[in-house]
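Below is one structure, written out as structure tokens; the observations come after it.
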Amino acid sequence: MGTLSGALSIALQALSANQGAVAVTTNNVANANTPGYTREVPVFQENPPLNVGSLQYGNGVSLAQTQSIRDNILQIRIDQESQQSGQLGSFVGSMQQVQALFNEASGVGLQAPISNFFGAWQQLASDPTNLNYRQDVITSAQNLADAFHQISGSLTSQQTNLDLSVQQGVQQVNQLTTQIAQLNGQVGALSGAGENPGQLVDQRDQLIQQLSGLVDVSYVAGGNNSITLTTTSGAPLVVGNQSFALTTGTDPTTGLTHIFSQGNDITGSITSGQLAGQLQVRDQQIPATLSSLDTLAAGIANAVNAQSLLGTDLNGNAGTNFFVPPPASVTGAAASLQVAITDPTLIAASSTGSPGSNGNANAIAALANQTIAGGQTPASYYSGMVFQIGNTVSNAQSEQSGNQLVLQQLQNQRGALSGVSLDQEAANLIQYQQAYQAMARVITIISTLTQSAVQLGKD
């Protein structure tokens, strides 16, 4: 009411409110460089007025709450782009390792071994009785087989490594969901009690963004700032303060790890995040590349064997299989390709039975220009396979660049909204300081007036 004591009460409340505002601003400045920190602002509230008869007196101000400045929709967009970023990052990284196995400039790949193999047959045709040339054919064939073994073995090893990465990724997902669930419960409890859970929400948002980098995440807001997390296919991850762990199991057919949620296999439904990129390369790209290698190896081996059987060797005997016949299913042909002949005299270079005949050697050399591998020549088929891998990597890199630009733009927007501006905080500190000083002066004046009133009463 309109008395000195009433005015003193208003001034004291104002002092307390501005003191709290200074504390909030100080905390912002202290966390200016803290990753994921969301700027907080003091929310002042006018106290309910006092009614005395027909008069109404103001009752001052109080610090109602501390509010974190965040945009939940913007955070959802950042999480979505983080999921895409995780998927593209792991996909590009893994595919670049695949691509490196076909880097002809670095001396790896199949182009040179294929060319050298058919070139050795062409050289043999120039002098079919030359044992050195015959040995060169066997050596080039062994080099070709070794090249197939090296690439297929490296692809299989990479697939195994990706499988281990998937297992580790699932463990990381479970660790994050456990922490998120704990924070989620604390956020709900504080919000229910009317307190500001800003710091815990910041920590939860940071963990959700990390989780988004690993797996596709969808979340639904609940009461008291609590959230429910699932994968985009609906597999539960976090509900309230409870987390639902993903499990792994081995596919008896492929020997590869599958991911399960509540007993349901969700491996094929993981569409983004690091796990999705790893699964895409492990389950699609590497098997497709291995299949192409098998087709090429089987095509060369079967065509050379068929022509070899039509010729005769240096001893005048009928030709035999030059390569060990590949599997009828073609699967595993690259890994199992093996030269069947070790004796140079057994090479069936002749087409007439005469040691000096080169007809069959010429015919085998000519296979280089025939459609013996998937309806294409060996060189064309191999070039197409390498081009497809390179094109896949290039497209993914372009998509990754676009994603990074979008993600950076969203993060900049969040920074502009929720980040701490030291200039703005400095201005706020001056404002709250001046208000505090003004209220302190009011209290001094009220104290002086009170003493004067007491003195008048004595007089």
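Where a number appears in this text, it was derived from the coordinates with a stated rule and is not lab data. Values in this document were obtained by computation on a predicted structure and should not be read as measured data. Positions of Cβ are generated from backbone atoms using ideal geometry, with glycine treated the same way; all protein chains shown enter the neighbour counts.
What the table shows:
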{"read-out": "Fully extended contour minus Cα-Cα distance, from ASN369 to ASN161, at 0.36 nm per residue", "value": "71.1 nm"}
{"read-out": "Which of PHE322, PHE244 has the fewest Cβ neighbours within 10 Å, and the rest in rising order", "value": "PHE244, PHE322"}
{"read-out": "Nearest-0.05 FRET efficiency for ALA379 and VAL108, computed from C-beta distance (R0 22 Å)", "value": "0.85"}
{"read-out": "Ordering of 48-54, 266-272, 218-224 by burial proxy (mean other Cβ atoms within 10 Å per residue, highest first)", "value": "266-272, 218-224, 48-54"}
{"read-out": "Label-point gap, in nm, between ALA453 and GLN434 - each point 7 angstrom along Cα→Cβ", "value": "3.0"}
{"read-out": "Projected label distance in nm at ASN412 and VAL330, using a 7 Å step from Cα toward the beta-carbon", "value": "5.0"}
{"read-out": "Net charge of Cβ neighbours under 13 Å - reference GLU81; Lys, Arg +1; Asp, Glu -1", "value": "-1"}
{"read-out": "Fully extended contour minus Cα-Cα distance, from ALA189 to ALA318, at 0.36 nm per residue", "value": "37.7 nm"}
{"read-out": "Cβ-defined net charge surrounding GLY198, 13 Å radius [Lys, Arg +1; Asp, Glu -1]", "value": "-1"}
{"read-out": "Nearest-0.05 FRET efficiency for ALA245 and GLN45, computed from C-beta distance (R0 35 Å)", "value": "0.20"}
{"read-out": "Relative exposure of ASP79, ASP127, judged by other C-beta atoms within 10 Å (fewest first)", "value": "ASP127, ASP79"}
{"read-out": "For GLN65, distant residues with modelled amide H under 5 Å away", "value": "VAL43"}
